[in-house]
């Protein structure tokens, strides 16, 4: 059976065998090839001879042409094709040696611009992963300041380059403010280290969303961690931008010691995202102190949102739950802008540095974009906000370039379906 | 002559409702049934008396004397007249033509489907040779109605005489071109026509309108011209009768056969059934179905094929490879039974995508996705024979591994192809692309 581009990539080092008759002059593409997974059976039964066959990686370079019309189950050999990649063979051998020498090394092997104007990344870790990005997209690619240490086993010799001045491209200052207590009060405000959330704000949050039918806010202090919770839809930091500077730059005010926890069900009690949901006692389910999870000792502002029946697996339902919670968080953000002093309890300065002559590092992160709860809001105007954000699925799940500072400043608002166990929270 | 049976559903859509009653005298062209939803008017095809009205048909007892005169439809705009005349797609699908061509294209294309792709059929090409002016006249009406700037007539290169006639007549028609197709199945599939002519590969769920085009069968275009120029209601059909018929396997092309004529009458007109035959197929060998002598033809019936007798496989194990190009599972099972084989395993071509209405459409008509996996499954299931309903390219792929594995390959159309002297669908020996210059010889073998 013909294969997809993804399967072809997985089998880049397997023999290229046509699944169907192909005519002279055909430029070969994944759909021309048989799935290597069934080769052993075919060879056993004498149907297939792969002597001298080129690999899929060699012939799927966009320019390999057949010089002869041949029938299905014919292996592509140099005798019947032209324009295939000879170099790939050598590279493959190198990679195998590397794999033997350092099987655990997960190192970028080469990041050289390929002939056709694409950046080709080859990562060898026993299994091969090839990534091609149109050159235009790589334009904004930037070095991640902390990631240098992650490439200790760089095998290919770095091209000798002149050492030039380091340049700070962007800077982000996080101003941390400690919160020791969260209370309900007549207005949303911050007094010293106490955060007050306005009483009755739940009704307004509910009214702001058609699909939301109720909301309950619980303040979970460490003594109350053994509390039953419906499925955790997201865990969010509470932060706001100063002076309307954009995400990833300027100043961000962050509340320490307190996090937002979004939970919810439908009216009749079905978990939103009944798909590996995480309802249960918080202290039994929470993987404390992990990225994206609650740190032990933090106070949770836990929102229990109910939405209309039947909307739990549809796109607008989970989005409404998130939006209702953000209605409250937005008011907290306003209080942060108004009530917090200029000087923070602590400050963290993050710099994005360009180091000419050094390797450029791009971190590729897969995020969900199926709509509903399997989605992410990208680039809200406030950290992990709703306003101004675009759902990933609406962007068409295309590659999106973000600066490392934008990521660290909350440009991804996760609408994930399951608890922090297996999928990522904001 | 048998009674004329006018089926109330001769088109895509809902059955029509009768507007005559038993005992009524009807003339050729008398409106006898009207659409109840999507559909097209149905007219009496003979002079006679309504004898019976059942749930699905109106039965007319024809008069001895039949005149060529018919009741004319009233004048109107071309679109109104085509609608009034009850024209439906004559290529087989039977979609109401007035609905299809009322397309509001944005400087789009009319693609005339003259592929005549089913083996052994001749009436489409013969009509182009005989009355090309009618095709061009109809085409101009259709272009105007649909808002098309351009028209392309898609025809197989093997039909040299018809192509030469077309080239001559469109010499002075800058808006009309012709496109030559290779002689492989299924070049007449709607989306294959779009791909070949415009280079746009449509999804199975998409209509040609997604490519800013309307695909319309060549006989349908001529019927449109008749509706507008001759005020003629659609009550007759051209068709090919061929196969195990006394006198030999040559095609019998019948012009303007009254819709509702029985299969028996047509076969008798052609010479009568030979003593030995397998089944009678109404429609083409790929997409048609077995029929009976008393069945009537419809507005969209293109052929009656009398096949060779079926071999007796004495209960041997047979696998079925269902493809969007050929019969559905039901039709394939019918043939397996007729071969007296035991159905053992069913596989589907990877590209035969099931549609919302339960039918299947090919993702890339005429371009194989590989079949060896299915063959391995058949082998594992212990099949001795397999029967396939695939296109030329896929059949070729099946043949590349099937026989080597010891599978005996039958094609769904074998018994029909043998009876119309058409090569069996097995190994492909012709190119899937042809040069658009009629005088360049491709590696195409004659039929």
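The values are calculated or read from the model by the stated rules, or taken from the named source; none is laboratory data. The model shown is predicted, which means the values in this text are computed figures rather than measured ones. A quick note on method: Cβ atoms are made from the backbone with ideal geometry, for glycine too, and the neighbour counts reach across all protein chains shown.
The table that follows gives values for the structure above.
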| read-out | value |
| --- | --- |
| Sole exception among (1) buried (at least 16 other Cβ atoms within 10 Å of the Cβ); (2) assigned to a loop (DSSP other than H, G, I, E, B) for residue B:340, by number | (1) |
| Any strands (runs of 3 or more DSSP E) falling wholly within region A:157-261 and containing at least 3 residues that are under 21 Å from residue A:323 (Cβ atoms) and within 26 Å of the chain's Cα centre (by Cα) | A:232-236, A:239-241 |
| Condition met for residue A:194 (in contact (Cβ under 8 Å) with a residue 24 or more places away in the chain and surrounded by 12 or more Cβ atoms within 10 Å (Cβ to Cβ)) | no |
| Candidate set: region B:363-398, residues that are in contact with a strand residue (DSSP E or B) (Cβ under 7 Å, 6 or more places away or on another chain) and surrounded by fewer than 24 Cβ atoms within 10 Å (Cβ to Cβ); chosen: the one nearest to the other protein chains (Cβ to nearest Cβ) | B:369 |
| Filtered residue count, region B:328-362, keeping only those that are away from chain A (no Cβ under 14 Å) and in contact with a helix residue (DSSP H, G or I) (Cβ under 7 Å, 6 or more places away or on another chain) | 3 |
| Among (1) over 24 Å from the mean Cα position of the chain (by Cα); (2) surrounded by fewer than 16 Cβ atoms within 10 Å (Cβ to Cβ); (3) closer than 22 Å to residue B:294 by Cβ, the one test that residue B:56 misses | (1) |
| Test: residue in region A:345-353 that is under 18 Å from residue A:238 (Cα atoms) and in a loop (DSSP other than H, G, I, E, B) | yes |
| Extreme residue, farthest from the other protein chains (Cβ to nearest Cβ), among residues of region A:50-59 that are in a helix (DSSP H, G or I) and closer than 17 Å to residue A:72 by Cβ | A:59 |
| Test result for residue A:74, within 14 Å of chain B (Cβ to nearest Cβ), at pLDDT 90 or above, surrounded by 19 or more Cβ atoms within 10 Å (Cβ to Cβ) and touching a strand residue (DSSP E or B) at 6+ places or on another chain (Cβ under 8 Å) | yes |
| Residues satisfying the stated conditions in region B:294-320, i.e. touching a helix residue (DSSP H, G or I) at 6+ places or on another chain (Cβ under 6 Å) and over 21 Å from residue B:277 (Cβ atoms) | B:318, B:319, B:320 |
| Filtered residues of region B:67-82 (kept if touching a residue at least 24 places away in the same chain (Cβ under 8 Å) and either surrounded by 12 or more Cβ atoms within 10 Å (Cβ to Cβ) or closer than 19 Å to residue B:17 by Cα (or both)) | B:70, B:71, B:72, B:73, B:78, B:79, B:81, B:82 |
| Test result for residue B:195, closer than 27 Å to residue B:441 by Cβ and outside any loop (DSSP other than H, G, I, E, B) | yes |
| Condition check for residue B:402: more than 9 Å from chain A (Cβ to nearest Cβ), crowded, with 24+ Cβ neighbours inside 10 Å, in contact (Cβ under 8 Å) with a residue 24 or more places away in the chain and within 26 Å of the chain's Cα centre (by Cα) | no |
| Residue, farthest from the other protein chains (Cβ to nearest Cβ), within region A:10-37, restricted to residues that are closer than 14 Å to residue B:397 by Cβ and part of a helix (DSSP H, G or I) | A:32 |
| Answer residue from region B:432-444, given it is within 12 Å of chain A (Cβ to nearest Cβ) and either touching a helix residue (DSSP H, G or I) at 6+ places or on another chain (Cβ under 6 Å) or at pLDDT 85 or above (or both) and is nearest to residue A:21 (Cα to Cα) among those | B:432 |
| Extreme residue, nearest to the other protein chains (Cβ to nearest Cβ), among residues of region B:405-416 that are in a helix (DSSP H, G or I) and either modelled with pLDDT of 95 or more or under 23 Å from residue B:307 (Cα atoms) (or both) | B:414 |
| Identity of the residue in region A:38-49, surrounded by fewer than 17 Cβ atoms within 10 Å (Cβ to Cβ) and part of a loop (DSSP other than H, G, I, E, B), that ends up farthest from the other protein chains (Cβ to nearest Cβ) | A:49 |
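Let's see how each residue does on (1) in a loop (DSSP other than H, G, I, E, B); (2) within 30 Å of residue B:248 (Cβ to Cβ); (3) outside the structural domain of residue B:297 (by TED's automatic domain parsing); (4) in contact (Cβ under 8 Å) with a residue 24 or more places away in the chain:
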position	(1), (2), (3), (4)
B:90	yes, yes, yes, yes
B:98	no, no, yes, yes
B:133	no, no, yes, yes
B:136	no, no, yes, yes
B:141	no, no, yes, yes
B:153	no, no, yes, yes
B:163	no, yes, yes, yes
